[in-house]
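Just below is one structure, and these are the notes that go with it.
The values are calculated or read from the model by the stated rules, or taken from the named source; none is laboratory data. Quantities reported herein were computed from a predicted structural model and do not represent experimental measurements. FYI the Cβ positions are ideal-geometry reconstructions off the backbone, even for glycines, and counts take in every protein chain you see. Side chains included, ligands, DNA and RNA excluded: accessible areas come from the protein's heavy atoms. Shrake-Rupley method; radii C 1.70, N 1.55, O 1.52, S 1.80 Å.
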Amino acid sequence: MKVSKIKIRAAAITVSDQGAAGKREDLSGPLLVDALTKMGAEVAGQKIVADDREKIAHALITFADEMKVDLIITTGGTGPALRDLTPEATRAVIDREIDGIAEALRFTGYNKTPLAVLSRGIAGLRGRCLIVNLPGHPRAVCEGMEILIPILPHALQMIRGEQLEHG
Amino acid sequence: MKVSKIKIRAAAITVSDQGAAGKREDLSGPLLVDALTKMGAEVAGQKIVADDREKIAHALITFADEMKVDLIITTGGTGPALRDLTPEATRAVIDREIDGIAEALRFTGYNKTPLAVLSRGIAGLRGRCLIVNLPGHPRAVCEGMEILIPILPHALQMIRGEQLEHG
Amino acid sequence: MKVSKIKIRAAAITVSDQGAAGKREDLSGPLLVDALTKMGAEVAGQKIVADDREKIAHALITFADEMKVDLIITTGGTGPALRDLTPEATRAVIDREIDGIAEALRFTGYNKTPLAVLSRGIAGLRGRCLIVNLPGHPRAVCEGMEILIPILPHALQMIRGEQLEHG
């Protein structure tokens with residue numbers, strides 16, 4: 001795992017009814033914080049919220065606008081069930097979507113397990129803050145961060161206008 | 001081909017002007033019924049409709065709301081021609097899209113034939129009914145169902161809330 | 001590189017503030033013209049425009065509606081930076097999107113460089129004119145055209161209704 005040379009302030013959000021109610025230990029949030037730290041990011045905030053569209057959106061806005069983090073990774077609430085609302089909450093607060101990040105998570109995941117395609121997670125920008133949705137399963141967090149780590153620091157530099165080329 | 005252990009009520013819709021007018025034998029519809037049966041689903045309905053946005057939407061709504069099927073697979077009308085309207089008709093009746101299913105069909109297809117990327121087919125939920133668009137060609141139906149069969153039973157369980165994890 | 005047997009009138013648009021201001025040599029535009037010519041297309045027009053949503057949209061509309069080209073390829077302005085507006089300008093002028101073309105560019109690119117996923121480029125139709133966004137980097141133009149050349153002639157035939165099958 002390559003440590004980024006650019007300064008990244010990040011936040012991690014676990015979306016889980018059971019986690020928010022204290023009925024289930026949040027394993028995915030700490031894994032996310034761990035992966036972000038190993039990537040070289042400063043984890044400025046961490047939160048567990050229920051599968052509630054308003055609460056998810058509020059957490060995203062608080063981290064992006066008040067705490068001014070560069071990067072928010074969410075875990076959970078990306079599936080096809082009715083209570084899975086993280087993509088909808090995220091879409092409501094971003095200005096522009098970056099489809100390729102969500103596609104990469106799914107198609108790399110698909111080679112390991114076909115069920116990875118069921119994640120409806122998205123990625124996008126709220127101003128200069130990059131938000132990426134990962135599924136809730138701890139394994140999906142680890143595999144997702146492996147895919148994201150080679151991409152994120154460069155993406156953040158491009159978002160800041162420090163790097164103009166890609167692909 | 002693995003037979004699903006969960007109860008699935010399914011419907012198959014062939015979208016084709018020529019098929020609906022009785023001017024061309026519908027090969028893809030029976031292939032779809034055959035694949036669904038082999039998967040262990042009960043095929044509760046089958047229909048051929050013209051490439052007409054209203055007629056496609058009406059068939060989808062009837063199967064989802066009145067016959068209360070769990071799964072509708074369509075074949076045909078996904079290409080880039082002006083008469084290809086199945087994705088538009090589907091998008092008009094679903095509540096939430098599951099991009100990864102359509103992506104998996106295309107990127108797995110792309111490895112066999114680059115032209116698979118021209119399918120504009122989508123997948124999504126109307127309530128708890130999962131709708132997936134496949135291209136019209138019989139080979140695309142067979143290859144598409146091969147990709148879908150490892151995914152669909154689990155997807156339907158997640159949609160019902162019986163399984164909460166994925167990916 | 002296979003020469004297409006169908007008649008294709010094409011246009012190339014370079015989207016670049018620096019290119020439009022004459023401050024940087026446009027390397028990608030000529031590479032695009034070269035690849036289109038090798039594919040057998042007649043390049044009916046070529047233009048450099050600034051990263052301005054209105055100007056990009058105007059150039060697309062002029063080539064599609066007045067010059068009635070079959071195909072427009074753009075290069076540049078697809079990244080995540082605030083000045084990258086080509087996907088937004090393109091989405092504003094097309095009638096229907098063809099997600100699979102943009103997905104193929106990204107997932108084939110991803111195997112060479114993970115950063116390819118950061119292109120937000122789209123593809124779609126304005127009437128019968130197919131528009132495809134490529135990233136700005138000369139290498140992305142070459143690699144993108146390699147992916148597009150086996151797809152485009154068939155896509156244009158399907159759009160014209162000359163070929164009804166795909167995938």
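How many residues are part of a loop (DSSP other than H, G, I, E, B) and either of a type outside the set (S, T, N, Q) or surrounded by fewer than 15 Cβ atoms within 10 Å (Cβ to Cβ) (or both) when one looks only at region C:1-48? Break it down stepwise before answering.
Here is the first cut: in region C:1-48, the residues part of a loop (DSSP other than H, G, I, E, B) are C:1-8, C:16, C:21-27, C:39-41.
Cutting the leftovers down to either of a type outside the set (S, T, N, Q) or surrounded by fewer than 15 Cβ atoms within 10 Å (Cβ to Cβ) (or both) gives us C:1-3, C:5-8, C:21-27, C:39-41.
Qualifying residue count for the region: 17.
Based on this model, can you work out whether B:Arg83 counts as modelled with pLDDT of 95 or more, of a type in the set (Lys, Arg) and closer than 29 Å to C:Cys129 by Cα?
Working: modelled with pLDDT of 95 or more: no; of a type in the set (Lys, Arg): yes; closer than 29 Å to C:Cys129 by Cα: yes.
Spelling it out, it is not the case that B:Arg83 is modelled with pLDDT of 95 or more, of a type in the set (Lys, Arg) and closer than 29 Å to C:Cys129 by Cα.
From the list C:Ile131, C:Ile94, C:Ile149, which residue is closer than 27 Å to C:Glu66 by Cα and within 11 Å of chain B (Cβ to nearest Cβ)?
Details: C:Ile131 fails: within 11 Å of chain B (Cβ to nearest Cβ); C:Ile94 fails: within 11 Å of chain B (Cβ to nearest Cβ).
On inspection, the qualifying residue turns out to be C:Ile149.
In region C:136-160, how many are in contact with a strand residue (DSSP E or B) (Cβ under 7 Å, 6 or more places away or on another chain) and outside any helix (DSSP H, G or I)? Let's see the steps before the verdict.
Keep residues of region C:136-160 that are in contact with a strand residue (DSSP E or B) (Cβ under 7 Å, 6 or more places away or on another chain), which gives C:136, C:140-141, C:144, C:148, C:152, C:155-156, C:159.
In the following step, the residues that additionally are outside any helix (DSSP H, G or I) were identified as C:136.
Number of matching residues: 1.
Can you name the residue in region A:104-126 that is at the interface with another protein chain (Cβ under 7 Å from one of its Cβ atoms) and either aliphatic (A, V, I, L, M) or open to solvent by 30 Å² or more (accessible area, probe 1.4 Å) (or both) and, of all such residues, is nearest to A:Ala81 (Cα to Cα)? Show your work before the answer.
Here is the first cut: in region A:104-126, the ones at the interface with another protein chain (Cβ under 7 Å from one of its Cβ atoms) are A:104, A:106-107, A:109-110, A:113-120, A:125.
Retained after the next criterion (residues that are either aliphatic (A, V, I, L, M) or open to solvent by 30 Å² or more (accessible area, probe 1.4 Å) (or both)): A:104, A:110, A:114-118, A:125.
On the way: A:Ala104: 22, A:Tyr110: 19, A:Pro114: 17, A:Leu115: 14, A:Ala116: 14, A:Val117: 14, A:Leu118: 10, A:Leu125: 25 Å.
Checked region A:104-126; the qualifying residue nearest to A:Ala81 (Cα to Cα) is A:Leu118.
Let me spell it out: the conditions are (1) modelled with pLDDT under 95; (2) in contact with a helix residue (DSSP H, G or I) (Cβ under 8 Å, 6 or more places away or on another chain), and A:Thr75 meets all of them except one. Which number is the exception?
Against the list (1) modelled with pLDDT under 95; (2) in contact with a helix residue (DSSP H, G or I) (Cβ under 8 Å, 6 or more places away or on another chain), A:Thr75 comes up short only on (1).
Can you pull out the residues in region A:49-69 that are open to solvent by less than 70 Å² (accessible area, probe 1.4 Å) and in contact with a helix residue (DSSP H, G or I) (Cβ under 7 Å, 6 or more places away or on another chain)? I'd like the intermediate steps shown before the answer.
Narrowing region A:49-69 to residues open to solvent by less than 70 Å² (accessible area, probe 1.4 Å): A:49-52, A:56-57, A:59-65, A:67, A:69.
Passing the criteria: A:Val49, A:Ala50, A:Asp51, A:Ile56, A:Ala57, A:Leu60, A:Ile61, A:Val69.
Suppose we keep only residues that are part of a helix (DSSP H, G or I) and over 13 Å from the mean Cα position of the chain (by Cα) within region C:70-98. Which one would you say is surrounded by the most Cβ atoms within 10 Å (Cβ to Cβ)?
Here is the first cut: in region C:70-98, the residues part of a helix (DSSP H, G or I) are C:86-93.
If we keep only those that are over 13 Å from the mean Cα position of the chain (by Cα) too, we end up with C:88, C:92-93.
On the way: C:Glu88: 15, C:Ala92: 14, C:Val93: 19.
Looking at residues that are part of a helix (DSSP H, G or I) and over 13 Å from the mean Cα position of the chain (by Cα), I get C:Val93.
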